[in-house]
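The values are calculated or read from the model by the stated rules, or taken from the named source; none is laboratory data. Quick caveat, the model's predicted, so the values are computed rather than measured. Glycine gets a Cβ as well: all are built from the backbone with ideal geometry, and neighbour counts include every protein chain shown.
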Amino acid sequence: MKPIRSFAAGIVFSLFVLVTGSPANAQIANLITGNSAGKVKIGMTVGEARNAMRGFTFSRVSDGEGIALIEVKRRNQTQMRLYAGEFDPKAAINNSSRIEFIEVWSSNYRTAEGVYPRMRIAQAERKYGKILSIMLSEIESREFARFTNQPKGVDFRIAGRNRRAGIYPSGSTVTTRYSPTAYLSSIIVLGTPLTGSGQGTGESTNTQENNSNTAYQNIDVRPYNSLIDRGLRDRQAWVRSVSQVVVRLIGEMEEMRSRTIQLLSASPENSDSITAVITDEGLLDDSVRAQRTRLELRKDNSGVWKVLSGQKSWSCQNGRGHQDFSAVLCN
């Protein structure tokens, strides 16, 4: 088993590019694809993005859920927000972290079909075909639209002027009808499921051997997958990032000294199957010193991560049982 990454996690979003030269070069520099927005690409380190975006400011911001994001501005105008797998919204930006999601807010950026943030939905339908669905997220009341022929690797967040974009039947959060003033508020770059090499976009594959044979006790993973299904229904981008899925499933750090998360892959070529090993140490418990959780995850054909199985093991406080990790409960 080879760890592809250790991290302490986070989430998503925004950006812009100064362009000089011909109109053709400007179009390329400001192009939104399923894996990039202008010069910023999924899988690029934050440091590489800084070098590509000279003249832009990168600053730490957070969203309503307290997720660590990176905001990219030019002349005090937000262009994009980036998520690079970081956890602490109060921590300095880690230039070595890799970009997993990009949310583009600036209308300077456009897809190959000419669709851009702040475009009216009616105009976007002329490019991508009719709306297949508009969904209102239950938790954050955010709205997302899906078009008949939209490109892979992108999603569209929408809004209405002074009201919701969608016109929903009573008691429903799904519709195909929208307000005449509804528009695309942002374009989210999710990354296509696989690159040509077979490596999942946005996932680092720095590998080393790990021959752990720890004994575990099986746990019920149905609550985990229920949470993922709820996120999918709410059109949450985190369900397509294995690091974000793991962080959402294990919850916040409480009553412990430290947490280490490892994402393991049997081989660099197989990044559709991941083992997450989460070690919580220094627990404020009179019998258990540390807890280790092991989750087997697989990415489905739509790019959503699901939990196949889960196990836990424990290490005991001095005098309360075994000191190594074991499925045997502490005294």
(request) Tell me, please, whether a residue that is surrounded by 14 or more Cβ atoms within 10 Å (Cβ to Cβ), modelled with pLDDT of 90 or more, hydroxyl-bearing (Ser, Thr, Tyr) and at negative phi can be found in region 112-121. (result) yes
(request) Quick one: count up the residues across region 279-323 that are in contact (Cβ under 8 Å) with a residue 24 or more places away in the chain and acidic (Asp, Glu). (result) 4
(message) Checking the condition in a loop (DSSP other than H, G, I, E, B), modelled with pLDDT of 70 or more and charged (D, E, K, R), which residue from Arg235, Arg259 passes?
(response) Arg235
(message) Cβ contacts < 8 Å: first residue over 17 Å from Leu82 (Cα atoms), restricted to region 21-45; second residue at pLDDT below 80 and surrounded by fewer than 20 Cβ atoms within 10 Å (Cβ to Cβ), any location; separation 6+ or different chain. Result?
(response) Asn25/Val19; Ala26/Val19; Ala29/Val19
(request) Among the residues of region 47-71, write down those that are in a strand (DSSP E or B), out of contact with any helix residue (DSSP H, G or I) (no Cβ under 8 Å at 6 or more places or on another chain) and either within 27 Å of Arg110 (Cβ to Cβ) or in contact (Cβ under 8 Å) with a residue 40 or more places away in the chain (or both). (result) Thr57, Ser59, Val61, Ala68, Leu69, Glu71
(request) Would you list the strands (runs of 3 or more DSSP E) that sit entirely within region 112-176 and hold 2 or more residues that are touching a strand residue (DSSP E or B) at 6+ places or on another chain (Cβ under 6 Å), closer than 15 Å to Ala237 by Cα and of a type in the set (D, E, K, R)? (result) 143-147, 154-159
